[in-house]
Amino acid sequence: MIAAFCALCVGELVAAVVRPEAGPVTAVGSAVVDRTPPAVKEFAVRNFGTDDKLVLRLGILVLLALFALAVGVLALRHRRVGASAVLVFGLVGAVAAVGRPEGVPADALPSVVGAVVAAGVLYLLAGRLAPAPVPSPAAGETAAGDGAPGDGAPRGGAAGFDRRGFVIAATSAAAASAGAGYAGRRLAASVQAGASASRAEITLPVAGSPAPAVPSGTDLGVRGVSSYFTPNGSFYRVDTALVVPRVDAGRWRLRIHGKGVTRPLTLGYHDLLRRPTVERDITLACVSNEVGGPYIGNARWVGVRLADLLREAGVKAPSEGGPADQLVSRSVDGMTLGTPVETVLDGRDAMLALGMNGEPLPFEHGFPVRMLVPGLYGYVSACKWIEEIELTTFDAYDAYWVKRSWAPEAPIKTESRIDTPRPFASPKPGTVPVGGVAWAQHRGISRVEVRVDGGDWHTARLGAEDGRDTWRQWVWEWPATSGHHTLEVRATDGTGATQTADRTGTVPDGATGWHSVVVDVS
Ligand SMILES: Nc1nc2c(c(=O)[nH]1)N[C@H]1C(S)=C(S)[C@@H](COP(=O)(O)O)O[C@H]1N2
Ligand SMILES: [Mo]
């Protein structure tokens, strides 16, 4: 266990120099994420929510501890074999780190160096546990097994080993490891401080094209209904990053290139700040959001119109004869997302966002720059920590989630959610406000209806429309009578299409069905 602890601490220290994402636990965790089948991923998202990353880390640590115990027992009998087993673990970490989409050979270093040091520590500590030479005529030679076949088992029982020597060595190894781990943390923090400072220095521009004023009555002010704007601190977060990338805005670059790009562009953060900016209210939703789920939020974003940049680079939509139908965005952590070029150029407010609800993007939400395309689920549009845009075709390339059985194209489905009353609430008989949100980004919401126990549909009152790229609040005053009741909601979008009752899961392109809530009026 001490040797394993040592491996992790030394690994973290080396990772602080190489790259925080290359730390052994993070590397193995990321490799697991990359290979998780959709069903398991959905299970994790459903049961652990945003804590899924913590659960993954803890799982890896528990497994590692069990292996460490097994290797420790092995090392008591066969020191060299035990020490070699540690190296094998280092290899696993190294392969995991280098095998990540953004992996480079240097990413192997944290695991390799950690394992080599830990193998040495295990070898030494196991040696201290071996029986000391007993000065008796019966013992012809020392019994310290060093792994040579046949001589491993400590003879003479536990009595003979150098207890004092072991305790001193073990304590020193543990203390030195903790020191290395602490140094690693400090070093990583000081590296990140540069990114934090670059974010603190930013003053967002006043958008040349400000968001239209939010009409009064957009927020109905019904207790229990999601606020119209979602504060950054409670905005859902979905990504594969076990370590949130901290990019220094001053060093950030975005490259736009690929098929049909006649003028490739490389832009820095300040190049973007100098361009015409737009401010828009857009509701972002995750394809992993189950019916009634929490992975949706609405914010005011400031950014640069993506279409302007693409036009400048010479990009034409497929309908104009352009050769590329897919825009692949790539992030600093190797995530890839594929977006239809036609959609980005169809006039909607697709943007490279710099600001979220009045501040520079939080690190968790993609600082310094992320992409947003109103109307598309996040995994096909909302690349955080973006650093590259490549024009290609859907035939030529499958993005990260498409390789993992999600659909290549995924417009957001018309959906609605009951926020109040909560499931299994027990309101008193009388007027009970039933309320929530409904969304069909870029088509808008035209009607929301509620029914009780499968009865007639009642039209809910809608919050004023801020724009068709955002969700709308709704409320219906329910004359509630005593007893168990099932409330159901459905929305109709701006094209006149009503949300389907058919229940489907989130894979491959978003869940459908009506959200229902059971309450007990008493
Ligand atoms: N780099 C990167 N960008 C990403 C992701 C990711 O895993 N990595 N996840 C996408 C998904 S699935 C969604 S739903 C949105 C979520 O954005 P948020 O975390 O800011 O809410 O980001 C998208 N952008
Ligand atoms: Mo998502």
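The values are calculated or read from the model by the stated rules, or taken from the named source; none is laboratory data. Nothing here was measured: the structure is a model prediction, and the numbers come from that model. All Cβ positions, glycine included, derive from the backbone under ideal geometry; neighbour counts span all protein chains shown.
Table for the structure above
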item	result
Helices (runs of 4 or more DSSP H) fully within region 14-90 counting 1 or more residues that are over 24 Å from SER288 (Cα atoms), of a type in the set (Val, Ile, Thr) and at pLDDT below 95	24-35, 52-77
Any pair with Cβ under 9 angstrom, 6 or more apart, that starts in region 396-408 at a residue that is within 12 Å of VAL328 (Cβ to Cβ) and ends at one that is surrounded by fewer than 19 Cβ atoms within 10 Å (Cβ to Cβ) and among the basic types (Lys, Arg)	ALA396/LYS259
Residue among VAL450, VAL380, VAL373 that is surrounded by 19 or more Cβ atoms within 10 Å (Cβ to Cβ) and more than 22 Å from the chain's Cα centre (by Cα)	VAL450
Flag for GLU415 being modelled with pLDDT of 95 or more and within 22 Å of SER30 (Cβ to Cβ)	no
Single unsatisfied condition, ALA491 versus (1) assigned to a loop (DSSP other than H, G, I, E, B); (2) of a type in the set (Gly, Ala, Ser); (3) closer than 19 Å to ASP456 by Cβ	(1)
Close pairs from region 409-430: first under 21 Å from TYR377 (Cβ atoms) and in a strand (DSSP E or B), partner of a type in the set (Phe, Trp, Tyr) and at pLDDT 95 or above, Cβ under 7 Å, at least 6 apart	GLU415/TRP439
Qualifying residue in region 165-187 (condition: within 16 Å of ligand 1 (Cβ to nearest atom) and crowded, with 17+ Cβ neighbours inside 10 Å)	no
Candidate set: region 335-360, residues that are assigned to a loop (DSSP other than H, G, I, E, B) and in contact with a Lys or Arg (Cβ under 6 Å, 6 or more places away or on another chain); chosen: the one nearest to SER405 (Cα to Cα)	ASP349
Answer residue from region 230-252, given it is within 16 Å of ligand 2 (Cβ to nearest atom) and touching a strand residue (DSSP E or B) at 6+ places or on another chain (Cβ under 8 Å) and is farthest from PHE363 (Cα to Cα) among those	THR230
Region 384-405 - residue that is surrounded by 22 or more Cβ atoms within 10 Å (Cβ to Cβ) and more than 16 Å from ALA299 (Cβ to Cβ) and, of those, farthest from the chain's Cα centre (by Cα)	LEU391
Inter-residue pairs, beta-carbon under 6 Å, first farther than 17 Å from LEU376 by Cα and of a type in the set (A, V, I, L, M, F, W, C) and in region 323-336, second more than 8 Å from ligand 1 (Cβ to nearest atom) and not in a loop (DSSP other than H, G, I, E, B), 6+ apart	ALA324/VAL341; ALA324/LEU391; ALA324/THR392; VAL332/GLU387
Unmet criterion (only one of (1) in contact with a Pro (Cβ under 9 Å, 6 or more places away or on another chain); (2) surrounded by fewer than 23 Cβ atoms within 10 Å (Cβ to Cβ)) for PHE43	(1)
Hey, PRO212 within 14 Å of ligand 1 (Cβ to nearest atom) and surrounded by fewer than 21 Cβ atoms within 10 Å (Cβ to Cβ) or not	no
Matching residues, region 335-391, being within 14 Å of ligand 1 (Cβ to nearest atom) and among the β-branched types (Val, Ile, Thr)	THR336, THR339, VAL369, VAL373, VAL380, ILE386, ILE389
Condition met for VAL95 (at pLDDT below 95 and surrounded by fewer than 24 Cβ atoms within 10 Å (Cβ to Cβ))	no
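Residues checked against (1) more than 20 Å from ALA241 (Cα to Cα); (2) of a type in the set (Gly, Ala, Ser); (3) out of contact with any Gly (no Cβ under 6 Å at 6 or more places or on another chain):
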site	(1), (2), (3)
LEU345	yes, no, yes
LEU391	yes, no, no
TYR397	yes, no, yes
TYR400	no, no, yes
ALA407	yes, yes, yes
LYS413	yes, no, no
PRO423	yes, no, yes
TRP439	yes, no, yes
ARG443	yes, no, no
